Amino acid sequence: MPLHHAVLALLTEGPDHGYELKGRFEEAVGPQWGGLNIGHLYQILERLVRDGYVTRSQVAQSDRPDKTLYSLTATGQEELREWATSAWVRTGGFRDELFLKLFGASALGADALNTFVTAQRQSYLSELAGLTRLRRSHTGDPLVSLLIDAAIAHTRADLELVEGAADRLAPLAGSRVRARPRADPHQRPERAPEDGLREEWA
């Protein structure tokens, strides 16, 4: 539950309410992560309250509706410490659409594979240029710049992979080009034109 634990981390600085937590999260991790949906955030807070990691209280306001404040409990602090100090282990495999696209392009043959590789390479180069500009504008934000550096490293690795994909998948793409559609056993084969000529001159 990474986002759940990120909310617990935000609450170590003191009680806060939903919209402030959303803003602080987005500021902390930067634009490369993407925005945090406020509805999803409130679902997370509800679950944290239910699990005993967070408490909820109301603060009266004279000129607007009461404000709901969320506070970290001792149990939540311990849960955060256990999660944040243990190694991250990948459990979902490498389910990247890139590999499905390589599979699909290879199935269409060498021309389609080369077309995809060229387009994907250009996309990665454009992405790297944008990330480099973004990195320069966030030199004062250690966590944000670290996340951008991770995105740059990941994109470079993907670029290197896709640049070698055409050569590595050439045998697969070539076999797809040579493969012919399987005939329907129930369909009567069409008579070749030369067969008719043979009958006519027999």
- Task: Give a residue-ordered list of calculated ³J(HN,Hα) values for segment 5-18 (Karplus: 6.51 cos²θ - 1.76 cosθ + 1.60, θ = phi - 60°; whole Hz; x for Gly, Pro).
- Result: 6, 5, 5, 4, 5, 4, 6, 5, 7, x, x, 7, 10, x
- Message: Run the paramagnetic zone check for Gln122: 7 angstrom along Cα to Cβ, then residues of segment 154-175 with backbone nitrogen under 14 Å.
- Response: none
- Item | segment 16-77 - Debye-derived log10 I(q)/I(0), Cα point model, q = 0.19, 0.24, 0.28 Å⁻¹ | -0.79, -1.05, -1.16
- Item | Degrees between helix 74-84 axis and first principal axis of the chain (Cα, 0 to 90, nearest 10) | 40 degrees
- Query: How large is log10 I(q)/I(0) at q = 0.12, 0.23, 0.25 Å⁻¹ when the Debye formula is applied to the Cα atoms of segment 32-113, each weighted equally and without solvent?
  - Reply: -0.66, -1.16, -1.18
- Note on the structure: Taking only the alpha carbons of segment 97-178, the radius of gyration and the largest Cα-Cα distance, Dmax, both in angstrom, are 15.9, 56
- Within segment 68-113, DSSP-loop trypsin sites (Lys or Arg not before Pro) with at most 15 other C-beta atoms within 10 Å are Arg90, Arg95
- Message: Using only the alpha-carbon atoms, what does the chain span along each of its principal axes? Please give whole angstrom values in decreasing order.
- Response: 105, 43, 38
- Message: Given the -39500 (n - 2.57) contribution per DSSP H run of 4+ residues, what per-residue ellipticity at 222 nm results for the chain, rounded to the nearest 500 deg cm²/dmol?
- Response: -20000 deg cm²/dmol
- Rounded to the nearest 10 degrees, the helix 97-108 long axis (Cα) sits at an angle to the longest Cα principal axis of the chain of 10 degrees
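Coordinate-derived values only; no laboratory data. Nothing here was measured: the structure is a model prediction, and the numbers come from that model. Glycine also receives a Cβ, built like all others from the backbone with ideal geometry; neighbour counts cover every protein chain displayed.
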